[in-house]
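The values are calculated or read from the model by the stated rules, or taken from the named source; none is laboratory data. All values derive from a computational prediction rather than experimental measurement. Here the Cβ positions follow ideal geometry from the backbone for every residue, glycine too, while neighbour counts run over all protein chains shown.
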Amino acid sequence: NAGVTQTPKFQVLKTGQSMTLQCAQDMNHNSMYWYRQDPGMGLRLIYYSASEGTTDKGEVPNGYNVSRLNKREFSLRLESAAPSQTSVYFCASSEQGANIQYFGAGTRLSVL
Amino acid sequence: SQQGEEDPQALSIQEGENATMNCSYKTSINNLQWYRQNSGRGLVHLILIRSNEREKHSGRLRVTLDTSKKSSSLLITASRAADTASYFCATLPTNDYKLSFGAGTTVTVRA
């Protein structure tokens, strides 16, 4: 039982390049989330998907797009990477209700 | 915007001592949760306390909630080196289903 799996674990991009971060969960959760974590700022919500087929913007959506491919998978795309997007990205999933979230191990992204 | 704010930002204690950290928030909540993050890892859920609860225990963890002061505390008793981590509070607002995380307290337990 893997929980939440994120790929890749590390990535270095040049400014202007694009990439997709992948996330999959095997807990049959309805809701999935993408966060970024920067030093001293905790976690900030980028996008979330309350259920399969729906996506909504979070606190810091600019420069990102998402796709809820099916109930298991939720991907985050950077169309044209900028140095300000250098961060650690976490995917999480939860059942609705109490919203206890389960996190992946993170993707460490550097944009040069 | 982040609703929860932890205090202190960092804490260094000797093994065996207790560690206490606080969280303040701004709006009414359904529940408040505490998470731990070990270096280089994702967050792990520790404990949830509902708005109608005042205290909750789980092993060496004790959480209190004071909704009148909009604050919570996490106490780790008899700390161990393995408790070295960052601890985050997260609130679930009354009219929302998205968690709002604080910036975290970094705890270092010295052997």
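Taking every residue in region B:4-18 that is closer than 12 Å to residue B:84 by Cα and in contact (Cβ under 8 Å) with a residue 60 or more places away in the chain and pairing it with any residue that is among the aromatic types (Phe, Trp, Tyr) and in a loop (DSSP other than H, G, I, E, B), at least 6 positions away or on another chain, yields no pair with a Cβ-Cβ distance below 6 Å. No other residue among B:56, B:26, B:69 is among the charged types (D, E, K, R) and modelled with pLDDT under 95 apart from B:26. Within region A:49-69, being over 12 Å from residue A:34 (Cβ atoms) and modelled with pLDDT under 95 holds for A:50, A:51, A:52, A:53, A:54, A:69. Residues in region A:71-111 that are in contact with a Pro (Cβ under 7 Å, 6 or more places away or on another chain) and over 21 Å from residue B:43 (Cα atoms): A:111 alone.
When region B:96-111 is filtered for residues that are buried (at least 21 other Cβ atoms within 10 Å of the Cβ), of a type in the set (A, V, I, L, M, F, W, C) and part of a strand (DSSP E or B), the ones remaining, listed by number, are B:101, B:107.
Can you report the number of residues in region A:82-103 which are within 11 Å of the chain's Cα centre (by Cα) and farther than 21 Å from residue A:18 by Cβ?
Kept after step one, since they are within 11 Å of the chain's Cα centre (by Cα), are these residues of region A:82-103: A:88-93, A:103.
Next cut, farther than 21 Å from residue A:18 by Cβ only: A:92-93, A:103.
Final tally of qualifying residues: 3.
Among the residues of region A:23-72, those identified as more than 10 Å from chain B (Cβ to nearest Cβ), surrounded by fewer than 17 Cβ atoms within 10 Å (Cβ to Cβ) and part of a strand (DSSP E or B) are A:57, A:65, A:67. Among residues of region B:83-111 that are more than 13 Å from chain A (Cβ to nearest Cβ), those with a Cβ under 7 angstrom from a residue that is part of a helix (DSSP H, G or I), sequence gap 6+ or separate chain, pair up as B:107/B:83; B:109/B:81; B:109/B:83; B:111/B:81. Consider region B:56-82 and keep the residues that are basic (Lys, Arg) and assigned to a strand (DSSP E or B). The one that is nearest to the other protein chains (Cβ to nearest Cβ) is B:56. Among the residues of region A:73-107, those that are polar (S, T, N, Q), within 14 Å of another protein chain (Cβ to nearest Cβ) and outside any strand (DSSP E or B) comprise A:96, A:99, A:101.
Could you tell me which of the residues B:53, B:17 is surrounded by fewer than 18 Cβ atoms within 10 Å (Cβ to Cβ), within 13 Å of chain A (Cβ to nearest Cβ) and among the charged types (D, E, K, R)?
Working: B:17 fails: within 13 Å of chain A (Cβ to nearest Cβ).
Going through B:53, B:17 in turn, the sole match is B:53.
Within region B:22-54, the set of residues being assigned to a strand (DSSP E or B) and over 29 Å from residue A:9 (Cβ atoms) comprises B:22, B:23, B:24, B:29, B:30, B:31, B:32, B:49, B:50.
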